[in-house]
Amino acid sequence: MFGNTEEYDRDRYAFLERCHREYGDIFSFDARTIVVSSPDQVHALLTRTNGDFLAENSPLAGSVDTEQMAADAELWTTTRRAGWQGLHRRVAQAHAERLREIFLGTVGDGETDVLPTMADFFGRATADFCLSADAAGVPETLAENVAAIDPLSRDSLQLPPWWPSRKVRRFARSRKRLLTLMADIVRRRRTAGDSSAEDLLGVLLAAGASNAAGASNAAGDEGDEGPAGGRQLSDLQIERFLRGIMLAALGVPAAALTWIVYELSTRPDVLARLEEEAASAGEVPVMGDLPYTEAFVKEVLRLWPPTWLIGRTVRRETELDGWRLKTGDQVLFSLYRLHRDPRWWSDPDRLLPERWLDPRAVPVRHTYLPFGAGPRVCVGTQLGMMQLTLATSWLVSGMSITPSHEAAIVPDFSGLLVPRDLRVRLERRAVRQGA
């Protein structure tokens, strides 16, 4: 009745890897799902998103209304275009100054269960970037929503929203609570009429306030896109956009930083070089001051991409590399496999930050996509890299890391790719005199 679903859910990556060995770069494992693996196939899928394919999805089952999904995608794109400038250097740097205090307040001494600690850090960091002074209560509500989504995302058999299940009810309650909180914050900030806050909400509220202001901002010195047509964004657009951004910016970077801690605990040679670079940087360095740290983060994202499996829904009948696809079909690809495929990478399973420091060693096109590509490329790419690079620098400069695990860490592919049960001992170093 369920085809290959049970075997797939038992060990998703092992199942897909076996199918890839047996059937090649494109195969189907049920009547409505195909999997692609080559760079050209993946590139075609991502660049045709918003046209032939859609990125919108839900953890709950329901009839697939692709045109409604397309309308939601257009709404998201319009809001994203206005919010893009929220990632420019001034707002990002103001966030970076606050980020260090958040890091010092959440990542502390002693035995540490790494993933929950990093989720706490990024929950607070994400709320700060989006809402700054209005972030009270948001990290906890956001974490509750993420915790409610997780058990639903681990099961391929989706439940309908009316299903009498504790998991479904918990998800519905947490989603409503977060959206209500977002609505209250947006309404309060708009009523106050103050769009000067250096956060994403301030940028979204200011977007389209006047055509002249919109044109001026769009032509800023950072080259950011401005709001479309100078139209003011509705409260609903802003609320949904902020929720989507915060959900994406909590789980993925928390998983990435957890893998960073794992690699720091197992590679003393890399750690020593990172410590040397951090020692010569300031408390809140700019990205250009940390080239090796940035290369290390890129390499960890290659080896351990948190969003290891990406999917798209077919919007209308189309073809992909010779396969006919019907409306509502699903197309998947494994970023983990793409990033470790020996056809495109030398020493694919080794952590080699140096591969990102040689300008001549350019990856094969479309083989490195930790933030996606095409019209739905992650809006927070630069912000995420900044947060991960700074957090890595603060880790190696301010703490010693001792692994508590004796056996090899097992990767968990059931949701986001995370190291299962990673624990380390963190000890704060004495502050250097005069530092």
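The values are calculated or read from the model by the stated rules, or taken from the named source; none is laboratory data. As the structure is a computational prediction, the values presented were derived from the model and not from experiment. Quick reminder, even Gly has a Cβ in these numbers, built from the backbone with ideal geometry, and neighbours come from all protein chains shown. Note: accessible area is taken over every heavy atom of the protein model, side chains too, but ligands, DNA and RNA are not part of it. Shrake-Rupley method; radii C 1.70, N 1.55, O 1.52, S 1.80 Å.
Can you tell me which of LEU351, LEU416, LEU357 is of a type in the set (A, V, I, L, M, F, W, C), open to solvent by less than 50 Å² (accessible area, probe 1.4 Å) and touching a helix residue (DSSP H, G or I) at 6+ places or on another chain (Cβ under 6 Å)? None of the other options fit; the residue is LEU351. Of all residues in the stretch 227-238, those that are closer than 14 Å to THR77 by Cβ and assigned to a helix (DSSP H, G or I) have Cβ atoms under 9 Å from Cβ atoms of residues that are of a type in the set (S, T, N, Q) and at pLDDT below 65, 6 or more apart or on another chain, in GLY229/ASN211. The set of residues from the stretch 157-177 being open to solvent by less than 50 Å² (accessible area, probe 1.4 Å) and not in a helix (DSSP H, G or I) comprises LEU159, PRO160, SER165. The residue pairs whose first member lies in the stretch 10-21 and is without any contact (Cβ under 8 Å) to a residue 60 or more places away in the chain, whose second member is open to solvent by 50 Å² or more (accessible area, probe 1.4 Å) and not in a loop (DSSP other than H, G, I, E, B), and whose beta carbons are closer than 6 Å, counting only pairs six or more residues apart or on different chains, are PHE15/GLU7.
When the helices (runs of 4 or more DSSP H) confined to the stretch 262-340 are screened for residues that are of a type in the set (Val, Ile, Thr), those reaching at least 1 such residues are found at 268-279, 291-303.
When each of ALA133, ALA183 is tested for being assigned to a helix (DSSP H, G or I) and either surrounded by 13 or more Cβ atoms within 10 Å (Cβ to Cβ) or among the hydroxyl-bearing types (Ser, Thr, Tyr) (or both), the lone residue that passes is ALA183.
Before we move on, is ARG231 open to solvent by 70 Å² or more (accessible area, probe 1.4 Å), modelled with pLDDT of 80 or more and more than 19 Å from HIS95 (Cα to Cα)? When the stated conditions are applied, ARG231 does not pass them.
Looking at this structure, is ARG365 more than 23 Å from the chain's Cα centre (by Cα) and among the charged types (D, E, K, R)?
Details: more than 23 Å from the chain's Cα centre (by Cα): no; among the charged types (D, E, K, R): yes.
Considered against the rule, which asks whether it is more than 23 Å from the chain's Cα centre (by Cα) and among the charged types (D, E, K, R), ARG365 comes out as no.
This table checks each residue for (1) touching an Asp or Glu at 6+ places or on another chain (Cβ under 8 Å); (2) among the acidic types (Asp, Glu); (3) surrounded by 24 or more Cβ atoms within 10 Å (Cβ to Cβ).
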{"site": "LEU236", "(1), (2), (3)": "no, no, no"}
{"site": "LEU242", "(1), (2), (3)": "no, no, yes"}
{"site": "LEU247", "(1), (2), (3)": "no, no, no"}
{"site": "PRO253", "(1), (2), (3)": "no, no, yes"}
{"site": "ALA256", "(1), (2), (3)": "no, no, yes"}
{"site": "VAL261", "(1), (2), (3)": "no, no, yes"}
{"site": "GLU276", "(1), (2), (3)": "no, yes, no"}
{"site": "GLY288", "(1), (2), (3)": "no, no, no"}
{"site": "GLU294", "(1), (2), (3)": "no, yes, no"}
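Out of LEU388, LEU338, LEU309, report the one residue that is within 16 Å of ALA248 (Cβ to Cβ), crowded, with 21+ Cβ neighbours inside 10 Å and of a type outside the set (Gly, Ala, Ser).
Working: LEU338 fails: within 16 Å of ALA248 (Cβ to Cβ); LEU309 fails: crowded, with 21+ Cβ neighbours inside 10 Å.
Result of the check over LEU388, LEU338, LEU309: LEU388.
Would you check if there is a residue in the stretch 370-385 being out of contact with any Leu (no Cβ under 6 Å at 6 or more places or on another chain) and at positive phi? Yes, the conditions are met somewhere in the stretch 370-385.
Go through the stretch 1-29 and give me each residue that's within 19 Å of ARG154 (Cα to Cα) and loosely packed, with under 14 Cβ neighbours inside 10 Å.
Scanning the stretch 1-29 gives PHE2, GLY3, GLU6, ARG10, ASP11, ALA14.
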